[in-house]
Amino acid sequence: MPPGAHPAGTATNSARIVIGLLLVVPAAIALLLGYAIPTGRTFITSFQDRPPLAGTESRFVGVENYRQVAGEFPGSVGLAVLTIAVPLLGLLVVAPLLAWLAHRAGTAGRRIARLALTFPVVLFAPAGAALGWYFDRFDPDSALISLLAAVWLSTFGLVCGIGVTLFLAALRRPDPAAPGVRATRWPAVLTLAGLATIAVLAVGLQGFTYAYLPGDPESVMIRLFRNGFQLLASGRAAADASLLLIVLMLLGIAAWLLVVLTGLRIELEPARSGHAPTRPGRVGALVATCLGALAVLAITGYGLWPVLSRLGSTGPQGTPRAGEALVNTWVPTLVSTLIGVGLAAVAAFGIGWLRPLGRWSELLLLPFAPWLFVAVGPLVLAKFEGYAVEMTRLLGPSAVTLVPPVWLVIPALFILTVLFRGLAYQRPVGAGGSGRAVVRALPMVALLAGATWLVQAESLLWPLVAGHERVTAVTLAYQAAAQYGAAAVGFALLLPIPVILVFAVALGALQLRYLDRLAIRVGRAGESPRA
């Protein structure tokens, strides 16, 4: 029987099927409550004319709301494509090239690239970068150019750092002692490029933090926020959100098809011992890797300098509320992260390791696929009414409303599923069990939890609409910027230096000890019907 045919530790075939399906149930409930129902409510509201919180006081207007936003929506998509142009260039050209050079340079090259590009990832603070660029480099006479430059230059290092990590995993050679067919690397690289393109476009369509300061009218999320929470025209806001949801759902299904049709999986190779044979050109590749990493760091330094130069600034007015802002920033988002990533990990183990539907187990990801790239933004109207308002009614104004209503982190579900699938594929019959698979996946769970926590802590939209009088570090910084200017903004609260150090050390250790062992592969050769 081929590797991965029967993960050890499951008593019988029927038990494996039942347990695997049961483990998906909590995630399915979270999907229903956190995504499906809010999506339905958003679509219903898009055909109505009513202010928020009006209860049954609504009027059916058919497609009138869509007529009003239809002319602006294509411009929003065009703006999103513009904002992702340079990040996508970094992800699809610079990152693969640098990863290939680091791969050719051997262990030293990989370690240099991984450690150097850890810093752009942990130093990225979108709210701080947006505020810094606004005060230092924003030109009101060319707002669009200023917005694009801010996004392009401040995110370049981030996408290169993530891209190099991914493409190095795709380029990793298989363990010569491993059973199975010879792996082909370039199809995995192309698959990652396709998934990266889809993901970056989805993120660009939901951009809010950068555009909030200049208030660019072409941004769909700015328009949604203005109509829904300032003009109280929730019907028009819901129509914009519905069009955005349709695009994002199609992108999510396209990504799921790529994952399923290519047989994408993540394998964990043993640590290499000894010295690899010397390749021609290794020294040249090492020099080129160092120069490339320095170039990325230089662009990152310029792009993030408006915030990096102010990291120690707390702001004179921010001191009295600094403690409150820090608690409101990191505690509610930690709650949401633990729940969302925890449920994703449980379901991923059921789908990827136990494989209740055999080789068709990834079909269980299909119900989650439409919301793979949907963040809080497109569902903010429904989540505000269904969660923040209800919590306020029950508990009064409290920090509970600051907990992001993300009960399932669907990207984590997909990533962990393909990881458990790869671990099952590698497992020889009768060797080890489920406990070993969980242990081998725990570093990835921790990485995804840390990334989710940082992203949610840096988010502006949800605390802006649901925070009431309670501030987070981001909303406090934006309030100070609007009232007093740059000198009053507590940049040190947006990404505290201790947080930077902790995440930098953790990510650096993961890069060297865990991520460098990951191999992203595609193909179904050698698998049994149950793998």
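Can you say whether Ala482 is of a type in the set (Gly, Ala, Ser) and crowded, with 19+ Cβ neighbours inside 10 Å, as far as the supplied structure shows?
no
What residue, among those in segment 230-262 that are more than 12 Å from Thr45 (Cα to Cα) and either at pLDDT below 90 or touching a strand residue (DSSP E or B) at 6+ places or on another chain (Cβ under 8 Å) (or both), is surrounded by the most Cβ atoms within 10 Å (Cβ to Cβ)?
Applying the filter and picking the extreme gives Leu232.
Checking Val489 against (1) in contact (Cβ under 8 Å) with a residue 24 or more places away in the chain; (2) of a type in the set (Val, Ile, Thr); (3) open to solvent by 60 Å² or more (accessible area, probe 1.4 Å), which single condition isn't satisfied?
Every listed condition holds for Val489 apart from (3).
Does any residue of segment 37-51 turn out to be open to solvent by 50 Å² or more (accessible area, probe 1.4 Å) and modelled with pLDDT under 90?
yes
Which numbered condition in (1) in contact with a helix residue (DSSP H, G or I) (Cβ under 8 Å, 6 or more places away or on another chain); (2) modelled with pLDDT of 55 or more; (3) of a type in the set (Ser, Thr, Tyr) is the only one that Thr10 fails?
Single failed check for Thr10: (2).
Every residue in segment 266-285 that is in contact with a strand residue (DSSP E or B) (Cβ under 6 Å, 6 or more places away or on another chain), modelled with pLDDT of 90 or more and of a type outside the set (A, V, I, L, M, F, W, C), please.
Within segment 266-285, Glu267 is the sole residue that qualifies.
For the structure I just gave you, tell me whether Leu338 is hydrophobic (A, V, I, L, M, F, W, C), under 23 Å from Arg440 (Cα atoms) and open to solvent by less than 40 Å² (accessible area, probe 1.4 Å).
Spelling it out, it is not the case that Leu338 is hydrophobic (A, V, I, L, M, F, W, C), under 23 Å from Arg440 (Cα atoms) and open to solvent by less than 40 Å² (accessible area, probe 1.4 Å).
I'd like the full set of residues that are buried (at least 20 other Cβ atoms within 10 Å of the Cβ) and either β-branched (Val, Ile, Thr) or modelled with pLDDT of 90 or more (or both), limited to segment 387-401.
If the condition is that a residue be buried (at least 20 other Cβ atoms within 10 Å of the Cβ) and either β-branched (Val, Ile, Thr) or modelled with pLDDT of 90 or more (or both), then Thr401 is the only one that fits.
Give the residue that is least open to solvent (accessible area, probe 1.4 Å), with candidates limited to residues of segment 283-310 that are within 27 Å of the chain's Cα centre (by Cα), over 15 Å from Ser154 (Cα atoms) and of a type in the set (A, V, I, L, M, F, W, C).
Among them, the one singled out is Ala293.
I need the helices (runs of 4 or more DSSP H) fully contained in segment 54-108, keeping only those with at least 3 residues that are among the hydrophobic types (A, V, I, L, M, F, W, C).
Hits in segment 54-108: 73-83, 85-89, 95-104.
Can Arg110 be described as of a type outside the set (S, T, N, Q), open to solvent by 60 Å² or more (accessible area, probe 1.4 Å) and either over 24 Å from the mean Cα position of the chain (by Cα) or under 28 Å from Ala170 (Cβ atoms) (or both)?
no
In segment 60-93, which residues are under 20 Å from the mean Cα position of the chain (by Cα) and more than 30 Å from Ala237 (Cα to Cα)?
Residues satisfying the conditions are Leu89, Gly90, Leu91, Leu92.
In segment 84-93, is there at least one residue being β-branched (Val, Ile, Thr), open to solvent by less than 30 Å² (accessible area, probe 1.4 Å) and under 20 Å from Gln206 (Cβ atoms)?
yes
Give the number of residues within segment 218-228 that are in contact (Cβ under 8 Å) with a residue 40 or more places away in the chain and surrounded by fewer than 18 Cβ atoms within 10 Å (Cβ to Cβ).
0
Restricting to segment 506-524, count the residues that are basic (Lys, Arg) and under 18 Å from Leu454 (Cβ atoms).
0
Quick one: in segment 350-381, which of the residues that are aliphatic (A, V, I, L, M), in a helix (DSSP H, G or I) and open to solvent by less than 10 Å² (accessible area, probe 1.4 Å) is nearest to Tyr35 (Cα to Cα)?
Ranking the candidates gives Leu379 first.
Would you confirm, using the coordinates I've provided, whether Phe135 is within 21 Å of Ala196 (Cβ to Cβ), open to solvent by 10 Å² or more (accessible area, probe 1.4 Å) and either touching a residue at least 12 places away in the same chain (Cβ under 8 Å) or in a helix (DSSP H, G or I) (or both)?
no
Identify, from the list Val418, Val438, Val502, the residue that is farther than 23 Å from Val522 by Cα and either in contact (Cβ under 8 Å) with a residue 40 or more places away in the chain or surrounded by fewer than 19 Cβ atoms within 10 Å (Cβ to Cβ) (or both).
Val502
Starting from residues that are surrounded by 14 or more Cβ atoms within 10 Å (Cβ to Cβ) and touching a strand residue (DSSP E or B) at 6+ places or on another chain (Cβ under 6 Å), keep the ones in segment 52-79 and report whichever is modelled with the lowest pLDDT.
Selected residue: Ser58.
Could you grab me the full set of residues in segment 361-386 that are at pLDDT below 90 and within 19 Å of Ala28 (Cβ to Cβ)?
Once the filter is applied, which keeps residues that are at pLDDT below 90 and within 19 Å of Ala28 (Cβ to Cβ), segment 361-386 yields only Gly386.
Could you list, in sequence order, all residues of segment 157-189 that are modelled with pLDDT of 75 or more, among the aliphatic types (A, V, I, L, M) and either under 15 Å from Glu269 (Cα atoms) or open to solvent by 50 Å² or more (accessible area, probe 1.4 Å) (or both)?
Answer for segment 157-189, where residues must be modelled with pLDDT of 75 or more, among the aliphatic types (A, V, I, L, M) and either under 15 Å from Glu269 (Cα atoms) or open to solvent by 50 Å² or more (accessible area, probe 1.4 Å) (or both): Ile162, Leu166, Leu168, Ala169, Ala170, Leu171.
The values are calculated or read from the model by the stated rules, or taken from the named source; none is laboratory data. In this text the structure is predicted, and so the values were computed from the model without any measurement. Methodologically, a virtual Cβ is constructed for each residue, glycine included, from the backbone with ideal geometry; neighbour enumeration extends over all protein chains shown. The protein model used for the area step is the full one, side chains on, heavy atoms only, and it has no ligands, DNA or RNA in it. Shrake-Rupley method; radii C 1.70, N 1.55, O 1.52, S 1.80 Å.
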